[in-house]
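Data block below; observations after.
The values are calculated or read from the model by the stated rules, or taken from the named source; none is laboratory data. None of the values given here were measured: they were computed from a predicted structure. Cβ placement follows ideal geometry from the backbone for every residue including glycine, while neighbour counts extend to all protein chains displayed. When the accessible area is computed, the model is the full protein with side chains, heavy atoms only, and any ligands, DNA or RNA have been set aside. Shrake-Rupley method; radii C 1.70, N 1.55, O 1.52, S 1.80 Å.
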Amino acid sequence: MPFFEDFTIWKYLASIVDILLVSWVIYKLLNLIKGTKAVQLLKGIVVILLIRVVSEFFGLNTLSWLTQQAIDWGFLAVIIIFQPELRRALEQLGRGRFFSRSSGPDEEDQEKIVEAISKATDYMAKRRIGALISIERETGMSDYIETGIPLDAKISSELLINIFIPNTPLHDGAVIIQKNNVAAAACYLPLSESPFISKELGTRHRAALGISEVTDSITVIVSEETGNISLTKNGELHRNLTLEGFKELISHDLIVTNTKVKPASSALWNWRGKNNG
């Protein structure tokens, strides 16, 4: 009898370990696809499953049959649709990065990032050097990083300035900052298709708005025509910022402290051109 009791205990322990491992793998996979187009597709799959349950509950036979067909054949579609994410997962598994712990920059690093971006922005604005800098936050930007030239360099104002000097190989496109590193340059960002955007805004502003509509990133724009400093976040465009206002605004969103700095309300405009303040 003691042998069988021990066997039962081991079964329970194995089940607990099994559940914990599966939960951990699901968590890592969700982190992997976070910020990619796969998130929206995953939401669509969840909606189909919910429709299937509801239609079964209320006896909607036709709708239930259609959703069941989508589920039955959806496995192949998932493999095709999630191919980039699956490839990235296998690559990270081979490199051992799948098991590594990731942590964001601490407050001191965040202050250095803000200082470097502010210094570079001020330099480029005074000389009308066009720039587009996107800063990753909670939503991952791996899809967009892969469209550019990988750098994985420590962030500094000098590096940012050199990247955007006209007629250099990396100046055309966006710089993406991931944690406290410049992950890549010459990246392509999605253009906003909103009909409400002012006609006077160029491709940089449309790209900055576009990325702010699909991620929670903060994107800095320096206009090469006027030297004006702008910033986008959450689908809003804050135009014609002073250096002080820009620094307060970016510090408010990037530096995590117990007491948040209230952002400057002057010269804040959303993408429809209305005052936010």
*Looking at (1) touching a residue at least 60 places away in the same chain (Cβ under 8 Å); (2) open to solvent by 10 Å² or more (accessible area, probe 1.4 Å); (3) closer than 25 Å to THR242 by Cβ, can you tell me which one ALA131 breaks?*
(2)
_Qualifying positions in the stretch 182-199 - within 22 Å of ALA125 (Cα to Cα) and part of a strand (DSSP E or B)_ = VAL182, ALA184, ALA185, ALA186, CYS187
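Here's the yes/no breakdown for (1) surrounded by 14 or more Cβ atoms within 10 Å (Cβ to Cβ); (2) outside any helix (DSSP H, G or I):
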residue	(1), (2)
ARG137	yes, yes
GLY140	yes, yes
LEU151	yes, yes
LEU159	yes, no
ASN167	no, yes
LEU170	yes, yes
LEU201	yes, yes
SER212	yes, no
*Looking only at the stretch 182-198, decide whether some residue is modelled with pLDDT under 90, buried (at least 21 other Cβ atoms within 10 Å of the Cβ) and either in contact with a Lys or Arg (Cβ under 8 Å, 6 or more places away or on another chain) or of a type in the set (S, T, N, Q) (or both).*
yes
